[in-house]
Protein chains: 2
Amino acid sequence: MNAADGMNYAPQGKPQPVVKPGEFVFSATHIDHGHIYGMCNGLTEAGGTLRYVYDPDPVKVANFLKAYPQAIPAASLEQVLEDPETQMVCSSNVTSLRGPLGVRVMQSGKDYFSDKAPFTTLEQLQSARETAAQTGRKYMVYYSERLHVEGAILAGYMIDQGEIGRVISVTGFGPHRLGAAGRPRWFFEREKYGGILCDIGSHQIEQYLHFAGEEDATVQFSRIGNYAHPEYPELEDFGDCSITGRNGTTNYFRVDWFNPDGLRTWGDGRTFILGTEGFIEIRKYINLASDTLDGNHVFLVNGKGEKYINATGVTGYPFFGQLILDCLNRTENAMTQAHAFKAAELCLQAEAQAVRVSGPES
Amino acid sequence: MNAADGMNYAPQGKPQPVVKPGEFVFSATHIDHGHIYGMCNGLTEAGGTLRYVYDPDPVKVANFLKAYPQAIPAASLEQVLEDPETQMVCSSNVTSLRGPLGVRVMQSGKDYFSDKAPFTTLEQLQSARETAAQTGRKYMVYYSERLHVEGAILAGYMIDQGEIGRVISVTGFGPHRLGAAGRPRWFFEREKYGGILCDIGSHQIEQYLHFAGEEDATVQFSRIGNYAHPEYPELEDFGDCSITGRNGTTNYFRVDWFNPDGLRTWGDGRTFILGTEGFIEIRKYINLASDTLDGNHVFLVNGKGEKYINATGVTGYPFFGQLILDCLNRTENAMTQAHAFKAAELCLQAEAQAVRVSGPES
């Protein structure tokens, strides 16, 4: 883990290939966020074969090739889309361009794997939903704060095993380090990044739906604010949201760009899952003021007592292998299309109906 | 601390008398909740002189006398109210009776110190507000989850010293062990206990107003539910609430009666305070899965780094001495009357406007 900047959070796991070289081929295009490295790591470790890389900016391509020297620089997006070997296209495009790119990818007959948030408008979502239905292709999303965090994977297993009974409520904190100097201009343009509840809020909503086992939900109340960054008037440095699931579970999450400089990593991300028979806390990236700097701290409390497990190296990242097999077998074990889109829909609704709690003038 | 049951949470601190024996005399009436012991401990340690105890139930009086053999059993409430030496009357009456009792106490010329929640209806609050204004007497409230928790006191000092910059948001978790067998019948009757957001939610709102420095606020969204206790149809076993302060700060809290049997204490109460320059986490009663069973774990993270302090024995409980001096000097250093009433008002509003998320039938 890069301790300085969540933007470059790109976990590396133990290779657990589910296919032989060449059996699943993917390419990467439009490298506008460092998450592309996490996406490519995950797919490569699961046995995927990386073929093309494309970005209009040759510097980004050169940097990408340092991490993945096996990739072939493509001359254009068309070259990738027309490549008969490429089965999936991955991208960490500018957020507002992810939807339109995904539609083109699916129309070219390939599956698409987008960085989160996958959309900035409900219109983009609708277009992607229609195209996915028409083409039968996948529009999958890299919700990294669950899929690429072993503590979160372990928590999911614990829930599945009934360790905390029936899930009642999920609470999440997603603080992030701003590191404004290292961010591209589009990061501060609301039309392009979509607002804080859309951007880093999307992780939170995806986790809630997953841990609570909800397929549909309603955004009940949300807030956004810019408390302390008047120099970036379109930045939202704080947001929170309350959601109620169709089955009656509840969710609250808070996201912000106030991670203090003195924290040894990019954010003290937490998830608290309350069940009828116990609860789980995940301290995802750090255990405050502890001697070691690592993540994946899982605390399970139920009728049997209090249990601590460090999940690092325990679960691996099963999503990526499942995703490859889903693409090959046209199954939905890694994540259903409905789930990926529902999380996106709710984060867009949360952003759209948010009450502004503090203006940049304050 | 009693590890089994928050109902009997009655911290004992180092005696720090602010007055000499007999300079501040108080009496206790209507012992319907174990909080009376925390209230009397705090006042006694601060130098208060306990005079009468009254309850219609002689068993409760006898138990009280085991803890405070110096108290004199009174034959009636009137004897206490007419006692010229008693300056303050403390009570942990049934919640719905706290307001009417307080009005009588203030009308008798004495200050009143009530267990939380101080009211179950806005009418009771209005009556108390009017009587306090008319008589000039105090209606103070034992919001124990801040006033009697050294970790919370220390966090307040850190905020005052600017350690986390300007406070933006306060998030609180108030899980409690139900221990239904040990609860009186009125605890499960909504008209008497007032609902979960009124009852244990009142602690959370008081902390928010204090830590955020807010004098007024608006309840924006709240939920209540009974997820798993159909045998107590009027119990609310879950509640949460979002509040926005007049100065733009935000609050969210969650309360529940789902503390797992395997937790070594009655609830993993937490408070998270986010500021522009850092944050504080208080693990009030336990640090999960740690070797020791103690509370008051305070984590401060700001530009200088991550700092852990165990506040046990560090701050004491300054509220009680300040309260005694406030009564003697007619000042408001312990807590303003407006603050005590505002926290009460907001918890009543949170309860009144709550959306029900799961009925007892589920």
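Summary table below
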item	result
Cα centroid of the range B:297-359 to Cα centroid of the range A:21-72, whole Å	52
Shortest-first nm distances, A:Ala352 label point to equivalent points in other copies (7 Å, Cα→Cβ)	3.3
Summed buried accessible surface, chains B and A, 1.4 Å probe, nearest 100 Å²	4100
Whole-Hz couplings from phi, Karplus 6.51/-1.76/1.60, listed for the range B:322-338; x for Gly and Pro	5, 5, 4, 5, 4, 5, 6, 9, 6, 9, 9, 7, 5, 5, 6, 4, 4
Relative contact order computed over chain A (Cα-Cα under 8 Å; 6+ residues apart), in percent	18
Spin-label model distance (nm) - A:Thr312 vs B:Arg104, 7 Å beyond Cα toward Cβ	6.2
Over 32 Å between alpha carbons, listed pairs B:Lys192/B:Lys342; B:Lys60/B:Lys284; B:Lys304/B:Lys342; A:Lys66/A:Lys307; A:Lys307/B:Lys342	B:Lys304/B:Lys342; A:Lys66/A:Lys307; A:Lys307/B:Lys342
Average accessible surface area per residue within the protein assembly as shown, 1.4 Å rolling probe, Å²	34
FRET efficiency estimate (nearest 0.05) - Cβ-Cβ, B:Arg183 to A:Tyr157, R0 41 angstrom	0.70
Gyration tensor verdict on the range B:203-362 (Cα atoms; rounded if a/c is under 1.5, prolate if a/b is larger than b/c, oblate otherwise)	oblate
Distant-in-sequence amide H partners of A:His30 (H built 1.01 Å from N, under 5 Å)	A:Tyr54, A:Asp55
Local electrostatic count, B:Lys284, Cβ distance below 13 Å [Lys/Arg +1, Asp/Glu -1]	-2
The protein assembly as shown, Rg to Rh (Cα coordinates; Rh as Kirkwood inverse mean 1/r)	1.03
Only Lys, Arg (+1) and Asp, Glu (-1) charged, at Cβ; chain B dipole about Cα centre in debye	380
Per-residue SASA entry for B:Cys40, accessible area with 1.4 Å probe, Å² rounded to 10	0
Under Karplus coefficients 6.51, -1.76 and 1.60, residue-wise ³J(HN,Hα) of the range A:17-22 in Hz, glycine/proline x	x, 9, 9, 8, x, x
Dipole of the range A:133-240 [Lys/Arg +1, Asp/Glu -1 at C-beta], most positive-end residue of A:Thr218, A:Gly162, A:Val149	A:Val149
Sulfur and carbon atoms: percent of accessible area, chain A [1.4 Å]	51
Cβ-vector label at 7 Å, A:Ala338, separations to other copies in nm	5.3
Size of charge dipole - the protein assembly as shown - debye, nearest 20, with Cβ of Lys, Arg +1 and Asp, Glu -1, no other charges	460
Low-density loop cleavage sites - GluC sites (Glu not before Pro) in the range B:218-260, where at most 14 other Cβ are within 10 Å (DSSP)	B:Glu231
With all protein chains modelled, accessible area of A:Asp261 [1.4 Å, Å²]	130
Length-normalised contact order for the range A:99-183 - Cα pairs under 8 Å, 6+ apart - percent	26
Environment charge of B:Gly201, counting only residues whose C-beta is closer than 10 Å and scoring Lys/Arg +1, Asp/Glu -1	-3
Using θ = phi - 60° and Karplus 6.51 cos²θ - 1.76 cosθ + 1.60, couplings along the range B:142-155 (whole Hz; Gly, Pro as x)	7, 7, 5, 6, 10, 5, 10, 9, 5, x, 6, 5, 4, 4
Copy-to-copy label separations for B:Arg129, where each label sits 7 Å from Cα toward Cβ, in nm and ascending	4.6
Sites B:Ala352 and B:Glu332 - FRET efficiency at Förster radius 22 Å, r taken between beta-carbons, to 0.05	0.20
Anisotropy class of chain A from Cα gyration tensor, a/c 1.5 cut	rounded
Relative contact order of the range B:242-362, pairs being alpha-carbon contacts under 8 Å that are 6 or more residues apart, as %	11
Complex-versus-alone comparison for the range A:196-236, residues with a loss of 20 Å² or more in accessible area, probe 1.4 Å	A:Gln220, A:Phe221, A:Arg223, A:Tyr227
Axis-proximal residue, chain A, for the rotation superposing A on B (Cβ, Å)	A:Phe221, 2
Long-range tail of P(r) for the range A:252-333 (Cα pairs > 16 Å, %)	66
Estimated 222 nm signal from helices in the protein assembly as shown, with DSSP H stretches of n ≥ 4 weighted -39500 (n - 2.57), rounded to 500	-9500 deg cm²/dmol
Residues B:Ala133 and A:Ala67, FRET efficiency given R0 of 56 Å [Cβ-Cβ distance, rounded to 0.05]	0.20
Centroid-to-centroid separation of the range A:191-259 and the range B:87-129 [C-alpha atoms, Å]	40
Of every Cα-Cα pair in the range A:6-143, the percent that sits beyond 24 Å	23
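The values are calculated or read from the model by the stated rules, or taken from the named source; none is laboratory data. Model, not experiment: these values are computed from the prediction. No Cβ is skipped: glycine too gets one built from the backbone with ideal geometry, and neighbour counts run over all protein chains shown. Protein only, heavy atoms only, side chains kept; ligands, DNA and RNA dropped before computing areas. Shrake-Rupley method; radii C 1.70, N 1.55, O 1.52, S 1.80 Å.
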